[in-house]
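A short write-up of the structure that comes next.
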Amino acid sequence: MSSMQEEIASRRTFAIISHPDAGKTTLTEKLLLYTGSIQTAGSVKGKSSSKHAVSDWMDIEKERGISVTSSVLQFNYDGCCVNILDTPGHQDFSEDTYRTLMAADAAVMVIDAAKGVEAQTKKLFKVCTLRHIPIFTFVNKLDREARDPFELMEEIETVLGIGTYPMNWPIGCGRNFRGVLDRRTRHVIAFDGEGRGNSSKKVQEIEAELGDSALDDLIGEDNHSNLMDDIELLDGAGDELDLEAVRNGKLSPVFFGSALTNFGVEPFLKKFLQMTPPPTARTADIGVIDPFDPHFSAFVFKIQANMNKNHRDRIAFVRICSGKFERGMEAYHMQGKKKLKLATGTSLMADDRAIVDEAYAG
């Protein structure tokens, strides 16, 4: 495999979608925290916080405490170059989300554990299914009172029409939340119960095996007994994990956790990067474009103006479909039927910018 093919294969580009206030931007912030991209996670509720979420950088987002525009965030983790597209959840800004989903190879659907599948989640899910992209589910806010996890999975399957496979399983909820069980390793990841508020630092994880008597002290005897019953039911009645169905958008791996208190964030990220695909082929007027094709091709999925309030600027967000971008290279604009010199490429980390000399598909 050539160096260019290795660079392309390491790319992971996904969008995070949800109904407003399900915790989408908070999850994005904690992913950045665990990958070392930021040292302290900010708060989405900008009115009362001195530190704001990295992806909510516009003044209106800080004032209202909501995401108004899609943010592009890039970081390296575990050998992958990851691009996160944090999208607005409010329907007033859904057009921005629809455009951004065109550039994603996968989607992470964040669901409030107390509310389940909500209206905007349904709309965004349909957009994802039109492209048959993999959809991963993160059931959030287990640190608060939540619905039964079996009931939540059934609702996802019934309302959205997609199969589910729980990758981990929650132990209690609200004040009784004690962590999650990894179904593959059979390890219980218990979390320190301190810092129930907006935890801005990484949490320590304690691993113990299911059935170990030490778990009675760690998570409580009743929780341990209920957990063993739940896992026995899942193993007996549930289907096997089918990665092909996942990549075709027919089966959604489900992760349980709490983005606000950092429960289950890093295990989710590790499993997600293992299962989500590298850049996928794109269909255009000229045919199917293989991302590993050495010839450069790309499409503009969004144009945003006035990102810098001190200048009248305008930036085109580009998804590279194949090959390699090099600063100053010449490309052919299909609609305009003319050649363009791509003089400057810019990498964004929310409102931080950096000049890019080269970039690869994905």
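Taken together, the values in this text are just the output of simple stated rules run on the coordinates, not laboratory data. Computed from a predicted structure; not experimentally measured. Using ideal geometry, Cβ is built from the backbone for each residue, glycine included, and neighbour counts are taken over all protein chains shown.
The table below lists the values:
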{"quantity": "Full-stretch length increase - GLN274, ARG175 - with 0.36 nm per residue and alpha-carbon distance subtracted", "calculated": "32.5 nm"}
{"quantity": "Prolate/oblate/rounded call for the range 266-346, Cα gyration tensor, a/c under 1.5 rounded", "calculated": "oblate"}
{"quantity": "Point-to-point label distance, VAL288-GLU6, nm (Cα→Cβ direction, 7 Å offset)", "calculated": "2.8 nm"}
{"quantity": "Calculated FRET efficiency for the pair ALA214/ARG131, C-beta based, R₀ 45 Å, to 0.05", "calculated": "0.45"}
{"quantity": "Part-to-part distance (alpha-carbon centres) for the range 255-271 and the range 106-133, which is given in Å", "calculated": "18 Å"}
{"quantity": "Most to least packed among 5-16, 147-158 [average Cβ atoms within 10 Å]", "calculated": "5-16, 147-158"}
{"quantity": "Separation of the ASN248 and GLU151 label points, Cα + 7 Å toward Cβ, nm", "calculated": "3.3 nm"}
{"quantity": "For peptides 317-328, 21-32, sequence by mean Cβ density within 10 Å, most packed first", "calculated": "21-32, 317-328"}
{"quantity": "Cβ-Cβ FRET estimate between THR185 and ALA237, R0 fixed at 30 Å, reported to 0.05", "calculated": "0.90"}
{"quantity": "Summed residue charge, Cβ within 11 Å of ALA106's Cβ, Lys/Arg positive, Asp/Glu negative", "calculated": "+2"}
{"quantity": "Cβ-Cβ FRET estimate between SER347 and GLU207, R0 fixed at 56 Å, reported to 0.05", "calculated": "0.95"}
{"quantity": "Pair SER225, HIS333: separation of 7 Å Cα→Cβ label points (nm)", "calculated": "7.1 nm"}
{"quantity": "Per-peptide average of other Cβ atoms within 10 Å, ordering 107-115, 288-296, 251-259 highest first", "calculated": "251-259, 107-115, 288-296"}
{"quantity": "Mean separation of Cα contacts under 8 Å (6+ apart) over length of the range 239-362, as relative contact order %", "calculated": "17 percent"}
{"quantity": "Three-way shape label, the range 212-281, alpha-carbon gyration tensor, a/c 1.5", "calculated": "oblate"}
